[in-house]
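To start, the structure under review is shown below, and the notes come after it.
The values are calculated or read from the model by the stated rules, or taken from the named source; none is laboratory data. Not measured: the values here are computed from a predicted model. Because the Cβ atoms are built from the backbone with ideal geometry, glycine has one as well, and the counts that use them run over all protein chains shown. SASA here: full protein model, heavy atoms, side chains in, ligands and nucleic acids out. Shrake-Rupley method; radii C 1.70, N 1.55, O 1.52, S 1.80 Å.
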Amino acid sequence: MRSPTKPDESNARPTDPPAIEASDVHVTYEDGTEAVRGLSLRVEAGEFFGFLGPNGAGKTTTIRTLVTLLYPTAGSVSINGFDVRTDPQAVRESIGYMAQETSIDEELTARENLRFAGRAYGVPKAKRADRIAELLEVVGLEEVADDKVDTFSGGMKKRLDAATSLLHRPPLVFLDEPTTGLDPEARTRLWDYFERLNEQGTTVFLTTQYLEEADRLCDRLAVIQDGRIITSDTPDALKSRVGGEVLELELADDDAGRIERAKRIVRETDAIDATRVTTTEDGIEVASENAREGAHELLVALYEADLRVAAFDVRSPTLDDVFLSLVGADRDHDRSGAANRDQQPPAEVDVEGQR
Ligand code: ADP
């Protein structure tokens with residue numbers, strides 16, 4: 001990340017406006033749904049910022065408001081110093097937006113798609129060919145530049161889509177679940193690309209359902225629930241807030257009744273002060289300050305209750321644990337993130353040239 005200019009430095013240049021500044025934003029849909037209720041957010045130029053939350057929390061509504069596809073019902077939003085209400089065109093010219101659904105034309109080649117985007121974004125004609133060649137190289141599609149997109153894999157289409165939203169070299173890019181549905185290799189390639197982009201100074205605002213992705217990429221994260229930000233910090237600070245360690249127990253017989261009994265024993269034992277006990281695929285998971293010290297005594301208690309432990313492990317908290325302790329959602333908090341996509345927002349703005 002580029003460090004923000006410190007005002008007290010002797011050679012200080014005028015501080016860049018924040019990439020995103022949202023203050024007490026409310027967005028209410030026509031049917032009365034208050035999707036965003038008093039959201040305040042500041043993202044500095046150069047940051048890689050992650051925006052997380054359970055399904056229905058208000059992530060899509062927020063991102064659509066920040067990119068001027070929805071008007072805030074109340075509150076103020078400025079993007080790269082431009083107000084979304086009074087200067088939406090300047091906002092659009094200063095951002096890239098990679099939506100959940102790719103906006104590329106499958107009947108065209110990769111290069112033709114980029115040419116089309118270049119025109120839509122008003123990239124000067126003389127510069128278009130160079131920019132297109134450069135971006136095709138960056139996203140690793142130069143070899144297939146003249147192939148029709150309908151022959152591309154999902155990951156290739158996503159990379160092309162990312163390239164189209166960056167043709168006009170915006171200082172700030174919004175990525176809405178950019179890697180959903182991709183295989184691990186395609187995801188890793190995109191991550192490398194987003195990291196490079198950020199290293200070159202582009203501010204990134206990312207929503208994702210993959211907490212590992214947020215952990216690896218983001219300098220700072222905000223978690224939204226019920227239309228409000230409930231916490232915001234660096235990934236490490238969030239993890240250290242969970243405290244202690246996590247004990248994973250795989251039960252030899254993992255039928256529901258035995259799992260419930262095991263959970264009860266964990267809660268009742270003096271061996272471990274569990275702050276959270278959750279069901280996993282083949283057993284249970286216990287978060288606790290004293291998970292390591294108390295593990296042996298707990299295993300004995302389970303054994304005495306005729307509950308055989310097939311395997312166990314003690315690990316450090318991950319962002320999944322943070323998420324669980326914050327929002328109490330289950331592990332796959334947002335796997336059905338597509339649920340609201342087809343609904344119509346209330347105040348669509350004409351967004352020519354906006355992706
Ligand atoms: P997320 O992206 O975090 O899943 P959304 O921003 O899509 O959340 O949704 C936030 C809330 O607003 C949810 O309760 C959702 O049902 C509601 N919502 C989303 N789109 C619309 C719409 N077009 N009309 C009415 N309610 C909506």
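Of the residues in segment 112-132, not one is crowded, with 23+ Cβ neighbours inside 10 Å, among the charged types (D, E, K, R) and assigned by TED's automatic domain parsing to the domain that holds Asp215. Within the set Ser94, Ser23, Ser103, the sole residue that is at pLDDT below 95 and out of contact with any Asp or Glu (no Cβ under 9 Å at 6 or more places or on another chain) turns out to be Ser94. Leu182 passes every criterion in (1) surrounded by 17 or more Cβ atoms within 10 Å (Cβ to Cβ); (2) in contact with a strand residue (DSSP E or B) (Cβ under 8 Å, 6 or more places away or on another chain) apart from (2). Of the strands (runs of 3 or more DSSP E) lying entirely inside segment 175-259, those containing at least 3 residues that are closer than 23 Å to Pro18 by Cα are 203-207, 220-225, 228-233.
Test Arg128 against the stated conditions and say whether it is in contact (Cβ under 8 Å) with a residue 12 or more places away in the chain, more than 18 Å from Arg169 (Cα to Cα) and of a type outside the set (A, V, I, L, M). Answer is no for this residue. Would you say Val77 is β-branched (Val, Ile, Thr), part of a strand (DSSP E or B) and over 19 Å from the mean Cα position of the chain (by Cα)? Against the criterion (β-branched (Val, Ile, Thr), part of a strand (DSSP E or B) and over 19 Å from the mean Cα position of the chain (by Cα)), Val77 qualifies.
Scanning segment 133-165 for residues that are among the acidic types (Asp, Glu) and surrounded by fewer than 19 Cβ atoms within 10 Å (Cβ to Cβ) returns Glu134, Glu137, Glu142, Glu143, Asp146, Asp147, Asp150. Of the residues making up segment 186-211, those that are open to solvent by less than 20 Å² (accessible area, probe 1.4 Å) and within 16 Å of the ligand (Cβ to nearest atom) are Phe205, Leu206, Thr207, Thr208, Gln209, Leu211.
State all residues of segment 32-47 that are near the ligand (Cβ under 9 Å from one of its atoms) and surrounded by fewer than 23 Cβ atoms within 10 Å (Cβ to Cβ); if no residue qualifies, say none. Those that are near the ligand (Cβ under 9 Å from one of its atoms) and surrounded by fewer than 23 Cβ atoms within 10 Å (Cβ to Cβ): Gly32, Thr33, Glu34.
In this structure, does Thr86 turn out to be of a type outside the set (D, E, K, R), at pLDDT below 90 and surrounded by fewer than 15 Cβ atoms within 10 Å (Cβ to Cβ)? No: the conditions fail for Thr86. If you go through segment 48-92 and pick out every residue that is in contact (Cβ under 8 Å) with a residue 12 or more places away in the chain, among the polar types (S, T, N, Q) and on the phi < 0 side of the Ramachandran plot, you end up with 8.
Results for (1) under 27 Å from Arg169 (Cβ atoms); (2) more than 13 Å from the ligand (Cβ to nearest atom); (3) in contact with a helix residue (DSSP H, G or I) (Cβ under 7 Å, 6 or more places away or on another chain), shown as yes or no for each residue.
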residue: Pro17; (1), (2), (3): yes, yes, no
residue: Phe49; (1), (2), (3): yes, yes, no
residue: Asn55; (1), (2), (3): no, no, no
residue: Thr61; (1), (2), (3): no, no, no
residue: Arg64; (1), (2), (3): yes, no, no
residue: Leu69; (1), (2), (3): yes, no, no
residue: Asp83; (1), (2), (3): yes, yes, no
